[in-house]
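Comments concern the structure below.
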Amino acid sequence: MGERERLLEILREKSYEEREVTLTSGRKSTFYIDGKQTTLDPEGAYLVGKVLFEMIRGRAEAVGGPTLGADPIVTAVALTSFMEGYPIAAFIIRKEPKGHGKGLWIEGNKALAKGTKVAIVEDVVTTGGSLLKAIKVAEEHGLQVVQVLALVDREEGGKERLAEEGYTLEAVFTRGEIVSR
């Protein structure tokens with residue numbers, strides 16, 4: 001079994017649930033995909049790092065995304081990139097600027113010069129709102145967003161909304177792949 005196939009198995013086992021839930025977007029859903037159950041699992045984190053590193057390699061110099069969903073993903077990619085001899089810096093975009101100290105929006109920003117080519121990642125995309133906010137913050141800080149990725153696209157308009165704003169969403173998996181067995 002390949003890395004992507006095993007990652008799909010883990011997502012199905014640990015992250016997918018059929019139940020009523022209110023999503024971050026405010027929408028109601030009959031299923032929930034809790035990406036952190038996979039990205040915080042030792043094997044899941046390893047596989048997420050490997051799969052996403054291969055998608056990013058040669059295109060971006062750094063990887064970041066909105067806290068909290070992106071936190072374990074960017075760490076896994078950075079660690080994998082170092083182990084592969086092709087270091088990609090990691091950064092995290094806060095939901096709002098830090099209320100004390102330097103008032104930072106971005107953690108890990110010392111590795112990011114203006115014009116740095118970055119990939120913005122998220123665990124699960126529904127409407128694309130969190131990704132768009134993170135992209136805006138990254139661009140306002142002089143970063144060049146060259147890739148937008150997600151572990152899972154729920155196929156509920158996020159990809160289309162990002163496209164309307166000029167960004168192409170690359171998802172490792174879609175909802176359809178997760179629910180079809």
Any pair with Cβ under 7 angstrom, 6 or more apart, that starts in segment 42-59 at a residue that is more than 10 Å from V77 (Cα to Cα) and ends at one that is among the hydroxyl-bearing types (S, T, Y) and surrounded by 20 or more Cβ atoms within 10 Å (Cβ to Cβ)
G44/T38
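Rundown of residues vs (1) at pLDDT 95 or above; (2) in a strand (DSSP E or B); (3) in contact with a Cys (Cβ under 9 Å, 6 or more places away or on another chain), yes/no style:
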position	(1), (2), (3)
T24	no, no, no
G44	yes, no, no
K50	yes, no, no
T80	yes, no, no
F91	yes, yes, no
P97	no, no, no
G101	no, no, no
Quick one: how many residues across segment 114-146 are in contact (Cβ under 8 Å) with a residue 60 or more places away in the chain and surrounded by fewer than 19 Cβ atoms within 10 Å (Cβ to Cβ)?
3
For segment 22-34, indicate whether the set of residues that are of a type in the set (S, T, N, Q), loosely packed, with under 14 Cβ neighbours inside 10 Å and without any contact (Cβ under 8 Å) to a residue 12 or more places away in the chain is non-empty.
yes
Does A70 meet the test of being of a type in the set (G, A, S), surrounded by 21 or more Cβ atoms within 10 Å (Cβ to Cβ), modelled with pLDDT of 95 or more and in contact with an Asp or Glu (Cβ under 7 Å, 6 or more places away or on another chain)?
yes
Give me the helices (runs of 4 or more DSSP H) completely within segment 128-181, filtered to those with at least 2 residues that are farther than 20 Å from K117 by Cα, ordered by residue number.
158-164, 175-179
Report yes if some residue within segment 149-159 is surrounded by fewer than 19 Cβ atoms within 10 Å (Cβ to Cβ), within 18 Å of the chain's Cα centre (by Cα) and without any contact (Cβ under 8 Å) to a residue 60 or more places away in the chain; otherwise report no.
yes
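The values are calculated or read from the model by the stated rules, or taken from the named source; none is laboratory data. Keep in mind that this is a model prediction, so the values were computed, not measured. Every residue, glycine as well, gets a Cβ built from its backbone with ideal geometry; the counts of neighbours run over all protein chains shown.
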